[in-house]
1. With a sphere of radius 9 Å drawn around the Cβ of D:Val243, what net charge do the other residues whose Cβ falls strictly inside it have (Lys, Arg +1; Asp, Glu -1)?
2. Using just the helices of chain A, give the 222 nm mean residue ellipticity in deg cm²/dmol: DSSP H runs with n ≥ 4 each add -39,500 (n - 2.57), and the total is spread over all residues, rounded to 500.
3. For chain A, what is the charge dipole size about the Cα centre, in debye to the nearest 20, if Lys and Arg each add +1 at the Cβ and Asp and Glu each add -1 at the Cβ?
4. Kindly state, as a whole number, the per residue volume in cubic angstrom of the convex hull around the alpha carbon atoms of chain A.
5. Once the Cβ-Cβ distance between D:Glu329 and C:Ile12 is put in as r, and R0 is 60 Å, what FRET efficiency do you end up with, to the nearest 0.05?
6. Of all the residues in chain A, which one has the C-beta that comes nearest the axis relating A to B, and what is the distance in Å?
7. What does the charge count around A:Glu64 come to, taking other residues whose C-beta lies under 12 Å from its C-beta (Lys +1, Arg +1, Asp -1, Glu -1)?
8. How large, in Å, is the range A:130-274 by the Kirkwood hydrodynamic radius built from its alpha-carbon pairs?
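Please treat every number below as a calculation from the coordinates, not as lab data. Fair warning: this is a prediction, and the values are worked out from it, not measured in the lab. FYI the Cβ positions are ideal-geometry reconstructions off the backbone, even for glycines, and counts take in every protein chain you see.
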4 protein chains.
Amino acid sequence: MLNLGLIGCGSIAGTHVDNIVNHLKGAQVTEVFDVVREAAEALVSKYGLSAKVATSASQVIQAEDVDAVVVCSRNDTHFEPIMEAIKAHKPVFTEKPMTTSQKECQKIVDAEVQAGQRFVQVGFMRRYDPYYQQLKKTIDSGLIGAPLMGYCRHFATVPPTEYFTTENLIDDSFVHESDILHWLFNDEYKSVQVQFPRQNSTNQNEGMRDPQIVTVKMKQGAIVNVYLDMNSHYGYEIKCQVVGEKGIAQLPEINNLDLHADRKVYHEVDYDWSNRFTEAYQLELQDFIDQVAANKSPAGPTAWDGYIANVTVDRAIQSQKTEEPLTVELPQKPALYQK
Amino acid sequence: MLNLGLIGCGSIAGTHVDNIVNHLKGAQVTEVFDVVREAAEALVSKYGLSAKVATSASQVIQAEDVDAVVVCSRNDTHFEPIMEAIKAHKPVFTEKPMTTSQKECQKIVDAEVQAGQRFVQVGFMRRYDPYYQQLKKTIDSGLIGAPLMGYCRHFATVPPTEYFTTENLIDDSFVHESDILHWLFNDEYKSVQVQFPRQNSTNQNEGMRDPQIVTVKMKQGAIVNVYLDMNSHYGYEIKCQVVGEKGIAQLPEINNLDLHADRKVYHEVDYDWSNRFTEAYQLELQDFIDQVAANKSPAGPTAWDGYIANVTVDRAIQSQKTEEPLTVELPQKPALYQK
Amino acid sequence: MLNLGLIGCGSIAGTHVDNIVNHLKGAQVTEVFDVVREAAEALVSKYGLSAKVATSASQVIQAEDVDAVVVCSRNDTHFEPIMEAIKAHKPVFTEKPMTTSQKECQKIVDAEVQAGQRFVQVGFMRRYDPYYQQLKKTIDSGLIGAPLMGYCRHFATVPPTEYFTTENLIDDSFVHESDILHWLFNDEYKSVQVQFPRQNSTNQNEGMRDPQIVTVKMKQGAIVNVYLDMNSHYGYEIKCQVVGEKGIAQLPEINNLDLHADRKVYHEVDYDWSNRFTEAYQLELQDFIDQVAANKSPAGPTAWDGYIANVTVDRAIQSQKTEEPLTVELPQKPALYQK
Amino acid sequence: MLNLGLIGCGSIAGTHVDNIVNHLKGAQVTEVFDVVREAAEALVSKYGLSAKVATSASQVIQAEDVDAVVVCSRNDTHFEPIMEAIKAHKPVFTEKPMTTSQKECQKIVDAEVQAGQRFVQVGFMRRYDPYYQQLKKTIDSGLIGAPLMGYCRHFATVPPTEYFTTENLIDDSFVHESDILHWLFNDEYKSVQVQFPRQNSTNQNEGMRDPQIVTVKMKQGAIVNVYLDMNSHYGYEIKCQVVGEKGIAQLPEINNLDLHADRKVYHEVDYDWSNRFTEAYQLELQDFIDQVAANKSPAGPTAWDGYIANVTVDRAIQSQKTEEPLTVELPQKPALYQK
């Protein structure tokens, strides 16, 4: 039984703890911490955890009954616990984004390189989604030849909150594509550009420009257009289509009952993200648990992947100011992260 | 320019005349007759035909300016004009059903056999529908192997009229499948059975039992279930699925715009038959015109096909009384109708 | 942690144990028995179970460290352990079919009625399949009105083994529809009929007639045709379409990648059952574990459901001799099994 | 019967003449001209036309037995006959592109403005395609709200000829989207940009860069990405998806038989354009004939639409040199072309 220490007890922490308690095998939560102690206590109580409520993140990481750390705190507080976990040689699963600054990403990567070992897994759960998995496998199989162009839709019925900003379409929504696309295309990003098409007049959120189109170019030349729309009204949809030299592969329609009624043949569309990636959330954490339990480095998205996403998102947010393409630059990829 | 004489000037006659005037090539209507003279005159006027209004069906058939006859009169009045046309060696396109009695069908077939030539085409327009054509071609190609089982839906949004009867589901609706199925399966009918499943409580038509299931067995063993439903409410749909030894072939969904709206991914379904077979109605009559213009016998459904449909429908209506399967018996197929 | 005693250590036992060890929560296997002791030992070893190998089924059932029993032995050996478990007031999950004789089903039901409590869950896993769940919910919601007709396909790429018999299409394949259909339609069976359509000439299995069509009629009149085909060649497919008074609901196509290649737009079809019901197998046993752990009777298919399936399958196999419909008769449903 | 004079007797002329002879109503070809007299004679002979072979385009236009002109000659020879037809006040249907220079477009427009009447219809047949028609109607109905973004695919199995150039992807392929998009979006173009993604290594045509992405921005802000691919290998596909404020509307999959075989559920994709727009070619010319016969100006794409396409295509070809967006500039739209 792997002992997990949890840092940050908000909404996504609830998802992970619910999975650990009700769906995953081989792990339990033994220590929890939140800057708001009541939040930590509430979580322990809600799920009946036999976990201690720590008084600091550090206390969680250093605890003897903690084998690995799960970081779910606010985005700008991931850095310290990740660094401390690496120093303590404890594997750490962190929610995305890994950190909020490029410099911090570099430090985390440096720390792993110095340790000569990978400890970090970043919570880009889409890689564990069975349909993305099929897409990756199909591309790698050569069935459609080399991938040349892509088209994605990341559509929400309505924005997640009234405080969702123009930048959040990038650092909260597009961040997922920023991880998945280089993985699918087996390539690196050359540039990223954000453009604002005709805006949606039904958008109630003044501080948020919507929709947006992100155009990603890769070093081998592939171009992918990602359409972001937080006011689709009709439903929540994640689409990804890859055009290769010999064919096209794309995520399938999500399986819902086939209905004939009211002069329509139809299936229903999800309202929000909660159904779409349920299984992916479980599979990513189970894989982390299984790898760690087997004394292996995590097999999911690495600190380097977190770094890529961070730089790409930063540049995309920069591009929002001019709508011009900006170069995505990263240092040389350390050998530790070569496959 | 082929000169056509039209007998019967009701609704379906209007469809054919509209096609002749606006869509088909190489034919014009030169003589028209209806027992209600005003109906004939109205049709001439509506379409600006330069056609004479005859005082009898016979006058139409015998007219020197009539090369071929189109019979659209009431179902029970097809027989005489068809016989007279055959005797006059004039090709005749008749609406389905060819006649309303088995004895009359036999006489028509006998007349053609005696003349040593086929003159009659029966208006089973589905054979000219591009999707049924594809289905036939695919079966004949061997792609799915020998056809073993079939499943059809013949669904209307609401019944055509308040006078539509229990028998009309057979002689007006199923009559189309009674022609198409032996053609698709390259086989002959062995038996036919009608059963009444749980009845639709929304059915406003007391004189009509709805839905009904017709089970057809063929001589080589194939079994096809045809589901008839005049109160589908959701729309008009004609489906036909053929299960072969190595695969399945079925009519595709009817192409309508792909829509995402209101939490649904959908396409609209037709309200009634008027859109579904527009092209088939044009193609069947154009083919009749082209064959006749080329001094050939019609290439569409023959008098023998009309005879098969007549017997099959008769037996199905008999079966409604007991819900038991009844044998479909026909005399030996004359050489004239062998391919 | 719920302690499970396992009786029968063959292939399906492996599936359940694999799930218990790797996917399910809250249960462990503590005792195992198989008439071939080596089979039991191999299972314990393969999954690293800390379970004792018992010398009889009875020893498993009576063991103090067994809270509930899982019966996976040969079909004709389910009866004794189920009866003993009921007498011991221990919940028992049994693979389908519950037993192989109507008399035994009656005795199991009698035993539960006498105990005033339900202990048995029968392994009809389809009820736990998310798509069947959606179908059930949609019907119950009234969206399509009362269910009037159904159409199912139960197609295998090739027969499971060379020993698969004409009867096995009923007691091994159709048995699943025999459970699912009365559940979906909220009705009871009135009659069942098996017919043999044109046979598949590619069938290599001389002892097996294939395909077959089972026609089920329900007491409220609904008619369902189930097409069984063990030599579909194109793939494994489970389809279920329900036609209601106002619309149609049917299981969706199974989600596989959308592909454009080789002049086709396509998705791949499963080769066999192993992918289709993976989740359903997990959910049925998890539900059994959760209910038992909460000191409740199992919530899945009951002994009465097992009885219905047994009688229906028996009558269907009888019907294979004449291809005539046979009445499905059951005694009065005891109050214990009323919802 | 409308008398048509045909200028240019190549491949597309054959398509139109075949339609006039075999499918369209109310028109005949009375005069034909081609710079290669044998080509004109061959066409007359092939279709049994009772048409005179003229010795110049002018002779066709001025002929007393010519009511309207059809221009199918080489792209760079459309200008003179169009101008002469306008001067002669004879309606003229011209194949796309209207002319090959912006200056000529301006002169044609000026000539019509001066005449105070529209005579020209440009052969952008897609506007007559029933699915594009549905798409236009749906957008105009407001169902999906204002159109914000678009995504198109214009894919060919293999390039039309070995001489197809990098520019031809724009002036021969994209030219269709250059007409259809402003029509669908009810807007004008602001800029156009061509980019070359990773190139297809299977491309056998050295002089042609493939694929290409054209990004069109409209004055109200809408952005549309058009993916052009002449080596799709898998088939010919024309796709158009419009994302509006409240939903998405897109062209449906082209109806081909639904097949289950070889472990796939699939439908076949067209090999080339010949099937896709058969009906549109007929409808566009029939509409021209009907309008002219009714003494009305043509109702299809106007000289102004031809001008827009010309300028847009020119700018796109310019953009191929830098891959930068270029402004699309047109003079003020004359009142004659306001709806």
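1. Working: positive: A:Arg153; negative: A:Asp229, D:Glu245.
My count for the surroundings of D:Val243 gives -1.
2. Working: 9 runs with 108 residues, N = 339.
One gets -10000 deg cm²/dmol as the mean residue ellipticity at 222 nm.
3. Values: 31 positive and 45 negative charges, 167 e Å.
Here the size comes out at about 800 debye.
4. On the way: hull volume 52.7 nm³, N = 339.
It is 156 Å³ per residue.
5. On the way: r = 73 Å, r/R0 = 1.21.
That gives a FRET efficiency of 0.25.
6. Residue of A nearest the axis onto B, distance in Å: A:Tyr266, 2.
7. Numbers: positive: A:Lys52, A:Lys90; negative: A:Glu31, A:Asp65, A:Asp67.
Its environment carries a net charge of -1.
8. Working: mean 1/r = 0.0611 Å⁻¹.
Computed over Cα pairs of the range A:130-274, the Kirkwood hydrodynamic radius comes out at 16.4 Å.
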